[in-house]
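Remarks on the structure that follows.
The values are calculated or read from the model by the stated rules, or taken from the named source; none is laboratory data. Model, not experiment: these values are computed from the prediction. We place every Cβ from the backbone using ideal geometry, glycine too, and count neighbours over all the protein chains shown. SASA here: full protein model, heavy atoms, side chains in, ligands and nucleic acids out. Shrake-Rupley method; radii C 1.70, N 1.55, O 1.52, S 1.80 Å.
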Amino acid sequence: MPTDGRRILVTGATGQIGSELVPELQRRYGGENVVIGIHSRPPRGDLDSGPIEKIDVTKKDKVEGVVKEYGIDTIYHMAAILSVAGEANPWLAWDVNVNGTYNVLEVARENGLDRVFVPSSIAAFGPETPRESTPQDTVLKPRTMYGLTKVSGELLSNYYFEKFGLDVRGVRYPGIISYKTPPGGGTTDYAVEIFHEAIKKGKYTCFLREDSTLPMMYMPDCIKCTLDLMDADVSRLRHHGDYNVAAISFSPAELAEVIKRHIPDFVISYEPDHRQAIADSWPKTIDDSSARSDWGWEPEFDLASMTEDMLKNLREILSED
Ligand code: AKB
């Protein structure tokens, strides 16, 4: 783990991943060295201990102003519009995800930043991609605007590395499961909603079919994965903006079975909606052997341990509300 004096900007810092990444970065590098870049969602109580800046990533001068003001050398660019929200407003998704990423990369290039993290997603894949053990290098023909913007982000990241020597790194996140900050506007969001409804009501109506297997990851593994890649020796990286990473793959029915071990009366029903088509265009399982061999990626949580931990922590949080 590096202990060097980094000056970090996190865009989208109050989103699902950003809100858990920031505290870990603050712990490692000191709260004053992590600028919390927010857009519309205000920071939670435990996220307000460092400098906070309102940043619209589609405005390059705002990104640049913050980078210069705080002497930023590293950006975690987490601001994005996810798959379902992107289908509701494809224009906004393009603007935030493509123009926003371009602005972040340009500011990083012009100001000689040390490192930038630009996440991609399993949404970069499409119906022509092999759905089982999806290879690292494969067909990228997504059908969602979100997926299209993620492929663009991967290609831009790789371009900035090759052309300008900017150290850009990124992974293709699967669905992320967490209890602190809810996701918003994603196809994999059911895997978080189900826990809330199981605890509160003992039942859940899933918007995906019972057999819709998708790749997922528990938040502690997501944070570990992000930081491990950013800490990796660049000379070992054979890829840059597009590492496949895998942790757990399961269907709604399989997840419901594991929840039932803890809440025996839990009942799940299914009413697939427009989100089903998105899920059907994404892989079921991912081959992440490049990430494992290049930078030692290895998840800690499986379906059983993730479910147990989610229920324990979420019960505590919900009982405080
Ligand atoms: C979504 O469902 O849109 C996201 C993703 C897989 O990137 N969680």
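Taking Lys and Arg as +1 and Asp and Glu as -1, the other residues whose beta-carbon sits under 14 Å from that of residue 90 total 0. The GluC sites (Glu not before Pro) found in the range 193-224 that occupy coil by DSSP, while having at most 16 further C-beta atoms within 10 Å, are 210.
Dipole check for the chain: with +1 at the C-beta of Lys and Arg, -1 at the C-beta of Asp and Glu, and the Cα centre as origin, the magnitude is about 380 Debye. Ignoring ligands, DNA and RNA, what percent of the accessible area of the chain is carbon or sulfur (1.4 Å)? For the chain, the apolar C and S fraction of the accessible surface comes to 50 percent.
For the chain, the alpha-carbon radius of gyration amounts to 0.96 times the rule-of-thumb value 2.2 N^0.38 Å expected for a compact globular protein. For residue 270, the residues 5 or more places off, or on other chains, whose built amide H falls under 5 Å of its own are 206. Between residue 273 and residue 114, residue separation times 0.36 nm minus the direct Cα-Cα distance comes to 52.9 nm. The number of Lys pairs in the range 1-151 with C-alpha atoms less than 23 Å apart, excluding pairs fewer than 8 positions apart on the same chain, is 8.
Ordered by 1.4 Å accessible area with all protein chains kept, 96, 168 run largest first as 96, 168.
Take every DSSP beta bridge whose two residues both sit in the chain; close to 10 percent of them are antiparallel. Could you tell me whether the range 73-154 comes out rounded, prolate or oblate from its Cα gyration tensor? Rule is a ≥ b ≥ c as square roots of the eigenvalues, rounded for a/c under 1.5, then prolate if a/b exceeds b/c, otherwise oblate. Oblate. Per-residue ellipticity at 222 nm, computed for the chain from helices alone with -39500 (n - 2.57) per DSSP H run of at least four residues, works out to -12500 deg cm²/dmol. For the chain, the per residue solvent-accessible surface stands at 41 Å², with DNA, RNA and ligands left out and a 1.4 Å probe.
The alpha carbon centroids of the range 209-268 and the range 55-124 are separated by 24 Å.
Legend: residues 203, 224, sorted from most to least accessible area (1.4 Å probe; ligands, DNA and RNA excluded), read 203, 224. Counting lysine pairs in the range 169-321 that sit 8 or more residues apart in sequence, or on different chains, and whose Cα atoms lie under 23 Å apart gives 16.
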